[in-house]
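These notes are about the structure you will find just below.
Computed from the coordinates by the stated procedures, all read-outs in this text should not be read as laboratory data. It should be emphasised that the depicted structure is a prediction, and the values quoted were computed from it without experimental measurement. Quick reminder, even Gly has a Cβ in these numbers, built from the backbone with ideal geometry, and neighbours come from all protein chains shown.
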Amino acid sequence: MILIKKISLFVVFIMTSLVIFAQDKNAGIVDTMRSNGRIYVVVAVVLTILIGLFLYVIRLDRKISKMEKEK
Amino acid sequence: MYKSWWKIASILLLIYTFIAGFLFKVPDLPALQETIRNLYFHVCMWFAMMILFTVSVVNSIKYLRTFNLKYDIYARQYATVGIVMGVLGYITGAIWMTFTWADPNNPAFQSFGALAREPKLIGAAIALLIYFAYMVLRDSINDMDKRARISSVYNIFAYAMLFPSIWILPRILPSLHPGREGNPALNTSDIDSSMRIVFYPAVIGWTLLAVWITTLKIRLSLINEKKLMS
């Protein structure tokens with residue numbers, strides 16, 4: 001089960017990179033992302049990392065709550 | 001997850017910080033240029049560190065008044081996360097400094113020696129090393145009550161050393177680092193009001209995140225402690 005999860009996550013990550021490649025060819029679709037020296041791309045990357053970290057902390061919080069209840 | 005409103009506040013404030021911190025207009029200063037945006041990240045690390053160390057010392061005093069081991073655990077974990085924030089502040093400061101003070105066009109800043117003599121850097125290093133010593137001291141004592149008592153007293157000393165090393169010394173010596181006169185980043189004359197609307201939420205957001213992580217560590221070590229007792 002965990003293996004399946006890992007593989008599917010891996011596939012999702014690869015797919016996202018494909019999407020990004022695909023968008024590169026037909027420029028002009030995502031104009032805002034390309035304006036201002038493409039700073040919005042940086043914002044998107046940083047926000048992804050930040051939200052990822054938050055999800056991780058929330059998960060830890062939940063796990064610890066569960067441990068506390070078991071006591 | 002309990003008492004989660006401030007956790008949500010932390011998430012929202014930090015998301016706001018990252019969006020506004022990258023996209024809002026900042027004043028264009030010659031040496032800093034866009035790097036002034038580091039104010040929302042680098043400086044907040046130090047603010048969070050100071051606040052966590054303060055909470056830590058308050059808990060140490062509480063321990064010495066009540067001898068309740070709970071407060072000792074609080075003090076320890078707040079100090080740990082405070083150190084983490086301090087180290088992050090130090091590293092980010094080093095990166096920032098490398099590309100602003102160490103300007104290749106300015107002969108005065110060319111040698112590493114000139115940068116290494118910065119009183120703010122030395123002061124911050126001393127303060128952090130004293131807190132490292134707190135961890136070493138704590139974990140070298142096996143007896144639980146003795147450990148709690150000695151490390152609480154040491155924590156008060158460490159906090160007292162913060163004053164000369166990061167608040168007094170840097171103010172009486174010449175430095176490249178801003179914030180020599182008055183209160184750095186809080187002074188009305190040295191930070192543009194357009195940056196203030198991002199900076200204050202950023203400080204609160206980062207501090208709340210640090211507190212959140214600390215509460216997780218506290219809860220975990222309380223569970224461990226209970227396991228040991230039973």
Rounded to the nearest 10 degrees, what's the angle between the helix B:69-100 long axis and the longest principal axis of chain B, both from Cα atoms, 0 to 90?
20 degrees
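Name the longest site-free stretch of chain B, where the excluded sites are chymotrypsin sites (Phe, Trp or Tyr not before Pro) in a DSSP loop with no more than 15 other beta-carbon atoms within 10 Å. Let's see the in-between values first.
Details: sites that count: B:Tyr2, B:Phe24, B:Phe67.
After excluding every exposed loop site, the longest remaining stretch is B:68-230.
Going by the alpha-carbon gyration tensor, a ≥ b ≥ c the square roots of its eigenvalues, is chain B rounded (a/c under 1.5) or, if a/c is not under 1.5, prolate (a/b greater than b/c) versus oblate? Walk me through the numbers before you get to the answer.
Details: a/c = 2.54, a/b = 1.54, b/c = 1.65.
The shape class here is oblate.
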For a quick check: sort B:Ser165, B:Ser230, B:Ser140 by the number of other beta carbons within 10 angstrom, fewest at the front.
B:Ser230, B:Ser140, B:Ser165
Shielding score for A:52-64, defined as the mean number of other chain Cβ atoms within 10 Å
4
Hey, how many Å between the Cα centroid of the stretch B:125-153 and the Cα centroid of the stretch B:48-68?
13 Å
Residue-averaged [θ]222 nm for chain B, counting only DSSP H segments that reach four residues, each worth -39500 (n - 2.57)
-24500 deg cm²/dmol
Exposure proxy check on B:Thr214, B:Thr98, A:Thr32, B:Thr54: fewest-to-most Cβ neighbours within 10 Å is A:Thr32, B:Thr98, B:Thr54, B:Thr214
Whole-Hz ³J(HN,Hα) for each residue in the stretch B:129-139, computed from phi via Karplus 6.51 cos²θ - 1.76 cosθ + 1.60 with θ = phi - 60°, x for glycine and proline: what do you get?
5, 4, 6, 4, 4, 4, 5, 4, 4, 3, 6
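Arrange the following residues from fewest to most other Cβ atoms within 10 Å of their Cβ: B:Glu118, A:Glu68. Please report the intermediate quantities before stating the final value.
On the way: B:Glu118 20, A:Glu68 14.
Exposure proxy ranking, most exposed first: A:Glu68, B:Glu118.
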Starting from the 7 Å offset along Cα-to-Cβ, what nm value, one decimal, do you get for the label separation of B:Lys226 and B:Met135?
2.7 nm
Between helix B:5-23 and chain B, what is the angle of the helix's C-alpha long axis to the longest principal axis, kept within 0 to 90° and rounded to the nearest 10?
20 degrees
Trypsin sites (Lys or Arg not before Pro) restricted to DSSP loop in the stretch B:1-76 with at most 15 other C-beta within 10 Å:
B:Lys3, B:Lys25
With springs only between Cα atoms under 10 Å, which of B:Val198, B:Val43, B:Val153 fluctuates most in a Gaussian network model of chain B?
B:Val153
List, in the order given, every pair from A:Lys63/B:Lys217; B:Lys70/B:Lys226; B:Lys62/B:Lys226 whose Cα-Cα distance in the structure shown is over 18 Å.
B:Lys62/B:Lys226
